[in-house]
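Okay, structure first, notes after.
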Amino acid sequence: MKKRILHRASVEQENRAPRKSVTVKVPASSANMGPGYDCIGCAVDLWSELTVERADKFEIIATGEGAEEMPKDATNYMVVGVKGAFDAANKPMPLLKYTVHSKIPYARGMGSSSAAIVSGIIAGLVLAGHQLPCWGSEALLQIAASIEGHPDNVAPVIYGGIQLGIHTGTRWMTERVPMPPGIQLVMFIPDFVGKTSDARDVLKNDVTREDAAYNISRAAFLVHALCHGQLDNLKYGVQDRMHQPQRGAKLYTYLYPMIEAAEQAGACCAYLSGAGPTVMALTSGASGDIFTQREKERTDWAVANAMIQAGEEVGIKGKLLVTQVAHEGAKVIRADPPFSSGNIHFRDDI
């Protein structure tokens, strides 16, 4: 027993040592979910994979979504995240090479910036050999939310599932909200990018008491419907007066026609994903692998076609993507040297 404890202690000590390289996988995210402005979001089963390794010169190599558009200098959120990790470790940040392949639509309201932030922080912590407290402090969330400014994207990227985040006055906190089984995510992703700064500029600084009460009640109704699997109530739970009407009127005129088309085709609900321009619909009826299930048992095909048609009717082109909530958040998938050692092995021999 004593020998086993000593071996475990030596493994844990080694896992705190700096590493040469690390690969991190992080999901997309869909924020706001209607009335949950800057506080509710869900992880989406679309992933970005980032490898960071010690190098002789700074370099960013990008493939996949946003490869051409993303900055290739220190302003890239991956780099910002890594720096945040080394700052937390109180260590100087070395020269690093970043290699990223992303399947997350870039600047489309799917949390590409939050994915970059979180992947950078986790990669930086592993490279620095630094560990953070979680229970009672959620230190990783504090770093990520301080960079992003709100928790509705970074929380689901870190923890997966649907997350409800608040600031207590001293720190950020988040809790998971249950997702009913059989739910799929049907996304209409326009061909154009949406700038968060533009989407925030169209919002009013003041909110009336009536609109505040409206959004509070809808957010509570949304969480209640998710917790109790009341799918018919989701369409009321995602209603909003704080940001969707303003953005629909001034930036995304297709938003409400597409929401109406999706719901009429059988969607449980639909809303503007994050700051847009993506429109997200939730559908029900999925069971197991959908490619072995009869299509008439689900509503995703009908909803997808209705959303495409609604876009065409107003001259908006885009692609339709069907996936699901990612119940697992960010994770390390490779490291050099590996964490597995001796008799203690982690999944995939990481």
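The values are calculated or read from the model by the stated rules, or taken from the named source; none is laboratory data. Worth saying up front: this structure is predicted, and the values here are computed from it rather than measured. No Cβ is skipped: glycine too gets one built from the backbone with ideal geometry, and neighbour counts run over all protein chains shown. Note: accessible area is taken over every heavy atom of the protein model, side chains too, but ligands, DNA and RNA are not part of it. Shrake-Rupley method; radii C 1.70, N 1.55, O 1.52, S 1.80 Å.
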**Complete:** Log entry, pairs with first residue in region 285-314 being in a helix (DSSP H, G or I), second being of a type in the set (K, R) and crowded, with 16+ Cβ neighbours inside 10 Å, beta carbons closer than 7 Å, six or more apart or on different chains, reads I290/R298
**Request:** Return a yes/no flag: does region 191-207 have any residue that is in contact with a helix residue (DSSP H, G or I) (Cβ under 9 Å, 6 or more places away or on another chain), modelled with pLDDT of 95 or more and surrounded by 13 or more Cβ atoms within 10 Å (Cβ to Cβ).
**Result:** no
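Any residue at all in region 32-44 that's in contact (Cβ under 8 Å) with a residue 12 or more places away in the chain and of a type in the set (S, T, Y)?
So in region 32-44, the residues in contact (Cβ under 8 Å) with a residue 12 or more places away in the chain come out as 32-44.
Cutting the leftovers down to of a type in the set (S, T, Y) gives us 37.
Checking region 32-44: at least one residue is in contact (Cβ under 8 Å) with a residue 12 or more places away in the chain and of a type in the set (S, T, Y).
Within region 275-299, restricting attention to residues that are at pLDDT below 95 and closer than 25 Å to G194 by Cα, which residue is surrounded by the fewest Cβ atoms within 10 Å (Cβ to Cβ)? Can you show your working first?
Let us first name the residues in region 275-299 that are at pLDDT below 95, namely 275-276, 284-299.
Within this subset, residues satisfying the condition of being closer than 25 Å to G194 by Cα are 275-276.
On the way: A275: 24, G276: 26.
Checking each candidate, the answer is A275.
Considering region 271-291 alone, what residues qualify as being among the β-branched types (V, I, T) and touching a strand residue (DSSP E or B) at 6+ places or on another chain (Cβ under 7 Å)? Show your work before the answer.
Start the filter on region 271-291 by keeping residues that are among the β-branched types (V, I, T), which leaves 278-279, 283, 290.
Once the filter is applied, which keeps residues that are among the β-branched types (V, I, T) and touching a strand residue (DSSP E or B) at 6+ places or on another chain (Cβ under 7 Å), region 271-291 yields T278, V279, T283.
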**Message:** Within region 19-89, considering only strands (runs of 3 or more DSSP E) that don't extend past its boundaries, which have at least 2 residues that are open to solvent by less than 10 Å² (accessible area, probe 1.4 Å) and closer than 20 Å to P151 by Cβ?
**Reply:** 21-31, 40-54
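If you take the residues of region 142-157 that are in a helix (DSSP H, G or I) and closer than 15 Å to Y77 by Cα, which of them is most open to solvent (accessible area, probe 1.4 Å)? Please lay out each step first, then the result.
Step one: list which residues in region 142-157 are in a helix (DSSP H, G or I), which gives 142-148, 154-157.
Applying the additional criterion that residues be closer than 15 Å to Y77 by Cα yields 143-148, 154, 157.
On the way: I143: 29, A144: 0, A145: 1, S146: 85, I147: 48, E148: 36, V154: 0, V157: 0 Å².
Filtering region 142-157 for residues that are in a helix (DSSP H, G or I) and closer than 15 Å to Y77 by Cα, the one most open to solvent (accessible area, probe 1.4 Å) comes out as S146.
Inside region 7-25, can you point out the residues that are modelled with pLDDT under 90 and either among the acidic types (D, E) or in contact with a Phe, Trp or Tyr (Cβ under 9 Å, 6 or more places away or on another chain) (or both)?
The answer is V11, E12, E14, N15.
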**Item:** Subset of region 325-344 [modelled with pLDDT under 95, of a type outside the set (G, A, S) and not in a strand (DSSP E or B)]
**Value:** P337, P338, F339, N343
**Pick from region 127-141, criterion touching a Phe, Trp or Tyr at 6+ places or on another chain (Cβ under 9 Å) and open to solvent by 10 Å² or more (accessible area, probe 1.4 Å), ranking: nearest to T168 (Cα to Cα)** = E138
**Item:** In region 225-240, the residues that are part of a helix (DSSP H, G or I) and under 22 Å from the mean Cα position of the chain (by Cα)
**Value:** A225, L226, C227, L234, K235, G237
**Asked** Can you name every residue in region 139-163 that is β-branched (V, I, T) and touching a His at 6+ places or on another chain (Cβ under 8 Å)?
**Response** none
**Asked** Is it the case that some residue within region 104-112 is more than 17 Å from S197 (Cβ to Cβ), open to solvent by 40 Å² or more (accessible area, probe 1.4 Å) and touching a residue at least 12 places away in the same chain (Cβ under 8 Å)?
**Response** no
**Request:** Show the residue pairs that are 6+ apart or on different chains and have beta-carbon atoms under 8 Å apart, the first residue being within region 220-232 and more than 13 Å from V177 (Cα to Cα), the second being open to solvent by less than 60 Å² (accessible area, probe 1.4 Å) and assigned to a helix (DSSP H, G or I).
**Result:** L231/A225
**Request:** Give the residues of region 246-267 that are in a helix (DSSP H, G or I) and under 17 Å from D191 (Cβ atoms), sorted by residue number.
**Result:** L255, M258
